[in-house]
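For reference, the structure discussed in these notes is given below.
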């Protein structure tokens, strides 16, 4: 999965597709490919690695008036030319690109392909061969075979399909993975987002789950899952130069929330080699290993990211970790270990409170590391070491993707340290694979964002107070969730350790008070359930966000199962969306909350 671009009706299809793929590079990817055709010739070109590798293979004779392109992030099979999209069926008739994950791909292979040898290991290659098999064995047209294959598929997908025997039509379908139709002049386009097509048109038609369509240069035909024809009007996207980075999202915050899976994948590209081994500076690792205690210093959301990774850091490194609020540490410094190491977490790298502490620890001669989204920033320059979050620009004041990038990168750092110490916990933790799964799980949560929009309306639209509760890492996510809600929706939101409610805070619970419970921890799930019952019996309006393997009847938000070290990556996403939608419900500017700035450069 990652990015799709397709077009029918323009002779320079290859050039248009390549430009669209370049606009999708922010998503992260490990290979790319393009298929173009006309009535006389066709060309399939693929390459692992960066788009520049693909561009170098696109010679002048590679032209056509129909084509599909794709940037892939590996979910099934290693990054390679064989596994790159588009995929060609073994008989050479169909070419397919796909975003998403087909859950029953092995069953499809066993049922329909009868031992057919495949070139790679992807679920997409299985699907394109199933379409070809259905067409041949049941004498179906391309569209009929495509429809029948969709009836057999379980999972998420955005598909664009070409029948090489009839390159006058482009077939599309969608379920849980985004796909837009672009309406050009004497052409139609298809893409994962409008930004990939904005250089050709600003008129778009949204494809909805379960829908399937056929595009020709002059016509568009759509039907829903029940076979009913759809006549949906296009909308015009008004994109100003100042908004171009935002693409067609209504707010930067939503764009940045939805970029989080791509950010995790970009971290994997940046901090792991081809054998999926971490590649963090050896000198930094040795300095950390020599420390007696690690001090994480941060503010706001970055402070919460430090809390959310403290337990994992200690387990994997066997080094004690303390997390401190920078503004407090600067003036009330605790007793330090003889060999301290300081980690500064900051989105902007310009946070004044954190810099005040860095100045002091530099005077002590203590080694330090800044983890920031802005590599050339003050904190990055003045610390001993610096690591980039590679999250891309974060414009919305309320930080989202920087938080998840901090959590993921801190976990990568902890794993690298633990591996250097031969900690057996690291041997049992395939961090690369687990982070890949976490990114996919975050996408699954984002696919269901409409349910969170409804929950925000039902639980938060007209409330003045809200409580988030949890235990362990769920408590730390509750702190971040409450901050996100209060800073943009202006609801008085508090995050509490669930067990502390009965020590005073439960006095604030009254009829219809929203209480949002987070449950992702095996050890404390029953205890948090008990606390939710306590507030419910006092009239609270309870919303449960729970990992699927701990879910019970009546739980409203169920999260995909991820490794226990990584639950903070998934559980925070629905809370970000709740804050976003609650703010819209209340009529406030999501990106520019009152009294706040993106970079806090004063103490």
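Bear in mind that the values in this text are calculations on the coordinates, not laboratory data. Predicted model, so just to flag it, every value in this text is computed and none were measured. Glycine also receives a Cβ, built like all others from the backbone with ideal geometry; neighbour counts cover every protein chain displayed.
Using Cα atoms only, what is the angle between the long axis of helix 401-420 and the major principal axis of the chain, expressed in degrees (0 to 90) to the nearest 10? The helix 401-420 is inclined about 80 degrees to the chain. Reported to the nearest whole Å, the Cα centre-to-centre distance from region 292-360 to region 1-41 is 45. The Rg/Rh ratio of region 448-603, with both radii computed over alpha carbons and Rh defined as the Kirkwood radius, is 0.96.
If one takes the longest principal axis of the Cα atoms in the chain, at what angle in degrees, from 0 to 90 and to the nearest 10, does the Cα axis of helix 352-364 lie? Rounded to the nearest ten degrees, it is 60.
In terms of other Cβ atoms within 10 Å, 432, 94 run from fewest to most in the order 432, 94. Beta bridges from DSSP with both residues in the chain: antiparallel share about 60 percent, rounded to the nearest 5. Spin-label model, residue 233/residue 11: points 7 Å from Cα along the beta carbon direction are separated by 3.6 nm.
Could you give the Stokes-Einstein D for the chain in µm² per second, using the C-alpha Kirkwood radius, 20 °C, 1.002 mPa s?
Values: Rh = 25.5 Å.
After rounding, the answer is 84 µm²/s.
Taking the average, over residues, of other Cβ atoms within 10 Å as the packing measure, peptides 9-20, 495-506 rank 9-20, 495-506 from highest down. Going from the residue with the fewest nearby Cβ atoms within 10 Å to the one with the most, 5, 359 rank 359, 5. A crude spin-label estimate for the pair residue 293 and residue 39, with each label 7 Å from Cα along the Cβ direction, gives 7.9 nm. Judged by the mean number of other Cβ atoms found within 10 Å, the most tightly packed of the peptides 272-278, 578-584, 317-323 leads the ranking 578-584, 317-323, 272-278.
Maximal additional length on extending the residue 533-residue 78 stretch stands at 159.2 nm, based on 0.36 nm per residue less the C-alpha distance.
What is the calculated FRET efficiency for residue 50 to residue 273, with r their C-beta to C-beta distance and R₀ = 22 Å, to the nearest 0.05? Step by step, r from the Cβ atoms, then E = 0.90. Potential lengthening of the chain between residue 363 and residue 199 amounts to 53.8 nm, from the contour at 0.36 nm per residue minus the alpha-carbon distance.
Counted residue by residue at 0.36 nm each, then reduced by the alpha carbon distance between them, the extension gain from residue 225 to residue 338 reaches 34.1 nm.
Using the Cβ-Cβ distance between residue 503 and residue 428 with R0 set to 35 Å, the FRET efficiency from 1/(1 + (r/R0)^6) comes to roughly 0.45.
Checking the a/c ratio against 1.5 first, then a/b against b/c, what shape does the Cα gyration tensor give for region 250-444? Note, shape of region 250-444 comes out oblate.
From the alpha carbon centroid of region 482-549 to that of region 426-465 is 18 Å. Relative to the longest principal Cα axis of the chain, at what angle does helix 13-23 sit, 0 to 90 degrees, rounded to 10? Computed tilt is about 10 degrees. Please check which bits of region 61-92 a label hung off residue 136 would reach, taking the label as a point 7 Å along Cα-to-C-beta and the cut-off as backbone N under 18 Å. Of the residues in region 61-92, 87-92 have backbone N under 18 Å from the label point off residue 136.
With 10 angstrom as the radius, rank 430, 42, 353, 474 by how many other C-beta atoms surround their C-beta, starting from the fewest.
In increasing order of surrounding Cβ atoms, one gets 430, 42, 353, 474.
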